[in-house]
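See structure below.
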Amino acid sequence: MNQPNEKVLFDQVKKGNVKAFEALFHQYYGYLCQYAEKFVNDRGAAEEIVQDFFVGVWEKKENLEVETSIKNYFFQSIKNRCLNDIQHQKTKNKYAQKIIAEKENTYSADDVFVEIDLAQKIEESINSLPKKRREIFRLSRQEGLKYIEIAKKLNISIKTVETQMSLAIKSLRTKLKKYNALFLFF
């Protein structure tokens, strides 16, 4: 598209002509997406940047003044938006790393001892269960077997498995009362 026609179209866009806007959009959308993708290395992000740009053009159409060619204005605007997006992503990543570092630093020796103590108490509590109940519990929770699989493996009814699991969990909750919040995760 030559410069005078672009200028005429852009002037019509400034007056609210939707057809002129669509013509410019269709003329440049694909090229601008390819150009943006070279900066951000992500097709979806590139398309979003270009779409946001065109939305901005339409929203600010009355106040837009283009000193250069429309083509140059579009490509320079996309370049600036891509650079802003890259900077924004860097800032987000830096902030996320800072949060992660702070979380790692707040992980105290007390937390480690609580976890070790909890693991020991859980193991002691499981070992204190009657043999068959302990076996059913371990098959369910540690090996991940379903009740029907446990029943077949041990040659017992599903109802027996359900009852034994219920009793095992009730017993463990009682023995691990002080760790109740953490036990929910177990």
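Pairs meeting the criteria (first residue in segment 148-173 and closer than 11 Å to Leu129 by Cβ, second residue assigned to a helix (DSSP H, G or I) and basic (Lys, Arg), beta carbons under 6 Å, at least 6 apart or on different chains) are Gln164/Arg133; Ala168/Arg133. Return a yes/no flag: does segment 79-89 have any residue that is outside any helix (DSSP H, G or I) and either modelled with pLDDT of 85 or more or surrounded by fewer than 10 Cβ atoms within 10 Å (Cβ to Cβ) (or both). Looking through segment 79-89, none of the residues is outside any helix (DSSP H, G or I) and either modelled with pLDDT of 85 or more or surrounded by fewer than 10 Cβ atoms within 10 Å (Cβ to Cβ) (or both). Residues that are among the hydrophobic types (A, V, I, L, M, F, W, C) and under 34 Å from the mean Cα position of the chain (by Cα) do not occur anywhere in segment 59-73. Criterion applied to Glu47, Glu123, Glu102 was being at pLDDT 90 or above, out of contact with any Pro (no Cβ under 7 Å at 6 or more places or on another chain) and part of a helix (DSSP H, G or I), and the one residue passing it is Glu47. Per the listing Glu6, Glu65, the residue uniquely modelled with pLDDT under 90 and surrounded by 17 or more Cβ atoms within 10 Å (Cβ to Cβ) is Glu6.
If you filter segment 138-165 down to residues that are closer than 23 Å to Glu124 by Cα and surrounded by fewer than 11 Cβ atoms within 10 Å (Cβ to Cβ), you find that the one that is nearest to the chain's Cα centre (by Cα) is Gly144. Of all the listed residues (Phe21, Phe10, Phe25, Phe54), the sole one being of a type in the set (Phe, Trp, Tyr), under 21 Å from Lys79 (Cα atoms) and within 30 Å of the chain's Cα centre (by Cα) is Phe54.
Which of (1) over 25 Å from the mean Cα position of the chain (by Cα); (2) in contact (Cβ under 8 Å) with a residue 24 or more places away in the chain does Gln76 not meet, given it meets every other one? Of (1) over 25 Å from the mean Cα position of the chain (by Cα); (2) in contact (Cβ under 8 Å) with a residue 24 or more places away in the chain, only one is false for Gln76: (2).
The values are calculated or read from the model by the stated rules, or taken from the named source; none is laboratory data. Here the structure is a predicted model, which is why all the values come from computation and not from measurement. For neighbour counting, all protein chains shown are included, and Cβ atoms are generated from backbone atoms with ideal geometry for every residue, glycine included.
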